[in-house]
Amino acid sequence: MSEAIFALLGALVGALGAVSGNLLSSTRDDRRTRREALRSAATDFAAAISAIRHLSYLAQPGPADPELERRFQDAHAAARTQYERLRLLTSSESAQEAARYALRHAYNTWKVALGTSRRMDEYATEGPWEQSDRHMIRLLVLIRQEMGVPNANSVFPEPER
């Protein structure tokens, strides 16, 4: 009788061990998948912001260039899409805020390049280029921290334009 009880307890302990092992493995896989999705969203967002900034360098005041305007609209739409992905994936509200302001100020680099209006009250000490850079660095630091990257605060700033 006691052998049966020990055998039953052994089977129960073995089953619980297997279940807990599967749960731990599943949790690790979920974290890894989430980290990869966050890395992908942040990379795609940074690329879209970079595209907006590049197009801003190409833009000139004066008559509109329809092809450049279309490319800008595509880049801006891509950046908005990636911003929404970041909002969905990051657990940091500060990272979401940094992404939003990086996008806002990147958009304003386009406006400034075209010589059109922008919200001057926002740029008492910094222009949209500097604001966009500052918010992108903040975003990258926060995302790197969330992903557990060593030296997460060590992000090289964009050189002056």
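The values are calculated or read from the model by the stated rules, or taken from the named source; none is laboratory data. These numbers were taken from a predicted model, which means no experiment stands behind them. Neighbour counts run over all protein chains shown; Cβ positions are idealised from the backbone, glycine included.
Tabulated data for the structure shown
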item: ASP121 crowded, with 17+ Cβ neighbours inside 10 Å, acidic (Asp, Glu) and either modelled with pLDDT under 95 or more than 27 Å from ASP30 (Cβ to Cβ) (or both); result: no
item: Selection within segment 79-95 - closer than 23 Å to GLU130 by Cβ, surrounded by fewer than 19 Cβ atoms within 10 Å (Cβ to Cβ) and of a type outside the set (Ser, Thr, Tyr); result: ARG80
